[in-house]
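The structure appears below as structure tokens.
Laboratory data are not the source of any read-out in this text; all were calculated from the coordinates shown. Fair warning: this is a prediction, and the values are worked out from it, not measured in the lab. Counting neighbours? That spans all protein chains shown, and the Cβs are built from the backbone with ideal geometry, glycine included.
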């Protein structure tokens, strides 16, 4: 639902001035940071308009939308199936909030694509992203496992496990070869058409960092929904394609990053999902120990 105080009419007028009349508007579901509008235009085809409406991302909207715009420009010369940038209103001068207009890539999200063939295709796509040499300046990655999150969740079955994870993250991370990373690579940001991956979306968090952090983030998302066996299968598929060495430190960092900051509710509320998240952490910590 579009946030209060957002002038959608002004945003659509901005689009029409830059392109052509908008003949259809549909709000896309699933966005946590933004209002995402799918637009059909009279002569410029299908577009997507990101309106950075939700806090805390709205406050950082200018940098997030600018990053996505610049990264998509850089990806246009690669085989990565990303949207192409059309226009940017980073400061919200026309739209009232930071806005990014881009092409709409075909396909649909399918969070249940965890069969071996689909996981192999995901690994292929992620390896392709990590092989890109960026032609624009991209920030160094930020950990989402902040010190303030180092509190075992009240639902934890093994608080000692979490405390051990926090202790690990108080140490320096292992060395890594800097790579272009999507930073939020997961099923919700991958589009499928039939058996093919047709799009990777949501490039606002793109960074330079450890490739394994992208693998870890996808694994955590898979584990929450489908269990650690499927997550491990994805990691194995990535290793088989790249020869990468797993870095379990980043697996732990990613799991802890799913904890809410102080004063905010967790978005993982289902009992079975919490169990799977903790079980995934246990596997990662066992790998660290070995």
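Observations, loosely collected:
- Distance between region 23-65 and region 215-243 - C-alpha centres, whole angstrom: 29 Å
- For region 131-201, the C-alpha radius of gyration divided by 2.2 N^0.38 Å, with N the number of residues, is 1.56.
- Remark: relative contact order (region 8-103) = 26 percent; criterion is Cα-Cα distance under 8 angstrom and separation of 6 or more residues.
- Working from Cα pairs under 8 Å separated by at least six residues, relative contact order for region 207-272 is 32 percent.
- At q = 0.11 Å⁻¹, base-10 log of I(q)/I(0) for the chain (Debye sum, equal scatterers on each alpha carbon): -0.67
- Residue-averaged [θ]222 nm for the chain, counting only DSSP H segments that reach four residues, each worth -39500 (n - 2.57): -12500 deg cm²/dmol
- The length gained by stretching the chain between residue 78 and residue 54 to full extension, at 0.36 nm per residue less their Cα-Cα distance, is 5.5 nm.
- On Cα atoms only, tilt of 8-18 relative to the major axis of the chain in degrees: 70 degrees
- Between helix 248-257 and the chain: long-axis angle, C-alpha atoms, 0 to 90°, nearest 10: 60 degrees
- Radius, Kirkwood style, for region 116-289 when every pair of distinct Cα atoms is counted (Å): 16.5 Å
- Once the Cα atoms are used to define both axes, helix 228-242 deviates from the longest principal axis of the chain by about 80 degrees.
- Inter-part distance where region 82-102 and region 138-155 are each reduced to a Cα centre, Å: 29 Å
- The chain - percent relative contact order, Cα under 8 Å, separation 6 or more: 17 percent
- Each residue in 176, 249, 238 was given a count of other beta-carbon atoms within 10 angstrom of its own, and listing them fewest first yields 176, 249, 238.
- Calculated P(r) of region 7-79 - Cα pairs past 18 Å, %: 48 percent
- Residue-span extension gain [residue 289 to residue 137] - 0.36 nm each, minus C-alpha spacing: 51.1 nm
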